[in-house]
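Some notes on the structure that comes next.
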Amino acid sequence: MDIYNFYNSIGWKKKNKVFEDANLFEDLRKSSKNYVSNCRKRILNHIPKKGTHILDFASGPIQYPEYLDYSKNYKTRHCVDFSKDAIKLAKKKLGKKGKFYCGDFLKLKFKKNFFDCSISLHTIYHLDKTKQKTAIEKLIKITKPGSPIIIVYSNPDTIINKFKKIFGFNKTKKKNIYFFCHPLKWWYQFDNRTKVNLYPWRSFASQHQKRIFFNNYLGKKMLYILFKLENIFQKFFVNNFQYYIVVLKKH
């Protein structure tokens, strides 16, 4: 099943009061709750404290409370998603504070230099690798100069991936949902138009996190320490671990 069909069929359906997306891709254990929440809140470090228009590219249903906080100081949150279910649920949460666009972001029309902030979480790497640059260029075009474009992206050269290559653990099975990540240096092609900064977001994919950190007090404590280390050794974690935040500011 491709990503379009997944999110237009089961992705935003609930099972045991939790979206299927979260059941499949998130670490929902009690021991991880604080760490995962704090990672989501890292986005707030880069969102301007006030503004009028904030763009949420691939907003989904704004499924976590932390996601809702991203637009708390903005007049209007513009939600773009190709899933009718996602847009319907986002409308219930935002009401009149939201504007909603169900369709292909690359085909939608927005004014140049319009948004005070643009965010896109776990989205760009699901676009075809040949279209990712086009999406970033569009985000740059429609976001105001000096305003941040905030993207959560995935690192293809993690310590875990290097370990897998050395010991021949790489999976040859084709993934059902398209996923392609460019290397870190790919982002610096935009440094002639923007200031490019990279920050740690979260060190492990959920499936790895659940194997490494136990669902008990010790696991919770280890994740607490991990969060502190990510903040102290930012460059190390960006270069060697899974998810990072890209912040682009147009000159």
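Please treat every number below as a calculation from the coordinates, not as lab data. All of these numbers come straight from a predicted model, not from anything done at the bench. So basically every Cβ, Gly included, is an ideal-geometry build from the backbone, and we count neighbours across all protein chains shown.
From helices alone, the chain scores -9500 deg cm²/dmol at 222 nm; the rule is -39500 (n - 2.57) for each run of n ≥ 4 DSSP H residues, then divide by the residue total. When the chain is treated as a Gaussian network with alpha carbon springs shorter than 10 Å, the biggest mean-square fluctuation among 47, 225, 119 belongs to 225. Multiplying the residue separation of residue 235 and residue 41 by 0.36 nm and removing their Cα-Cα distance gives an extension gain of 67.9 nm. Each of residue 68 and residue 138 was given a label point 7 Å from its Cα along the Cα-to-Cβ line. The distance between the two points is 2.9 nm. Remark: for residue pairs 50/92; 141/162; 14/249; 107/185; 97/228, the C-alpha separation exceeds 25 Å in 141/162; 14/249; 107/185; 97/228. Net charge near residue 6: determine it from the other residues with C-beta under 10 Å of the C-beta of residue 6, scoring Lys and Arg +1 and Asp and Glu -1. Overall, the nearby charge balance is -3. The orientation-averaged projected area of the convex hull spanned by the Cα atoms of the range 140-221 comes to 8.5 nm². Which one, 55, 108, 28, has the greatest fluctuation when you compute a Gaussian network model over the chain with C-alpha springs under 10 angstrom? Looking only at 55, 108, 28, the largest GNM fluctuation is found for 108.
Using a Debye calculation, one point per C-alpha and no hydration shell, please list log10 I(q)/I(0) for the range 188-251 at q = 0.19, 0.27 Å⁻¹ in order. At q = 0.19, 0.27 Å⁻¹ the computed log10 ratios are -0.75, -1.12. Measuring spread by the Cα atoms of the range 3-250 yields a radius of gyration and Dmax of 17.8, 54 Å.
When the range 3-250 is described by a simple charge dipole with +1 on each Lys and Arg Cβ and -1 on each Asp and Glu Cβ, the residue from 76, 143, 9 located farthest towards its positive end is 76.
So how tilted is helix 84-94 from the main axis of the chain? Cα-based, degrees 0 to 90, rounded to 10. In the chain, helix 84-94 runs at an angle near 80 degrees to the longest axis. Take the Cα of residue 224, step 7 Å toward its Cβ, do the same at residue 50, and the gap between the two points is 3.6 nm.
If you plug the beta carbon distance of residue 25 and residue 96 into 1/(1 + (r/R0)^6) with R0 = 35 Å, you get a FRET efficiency near 0.70.
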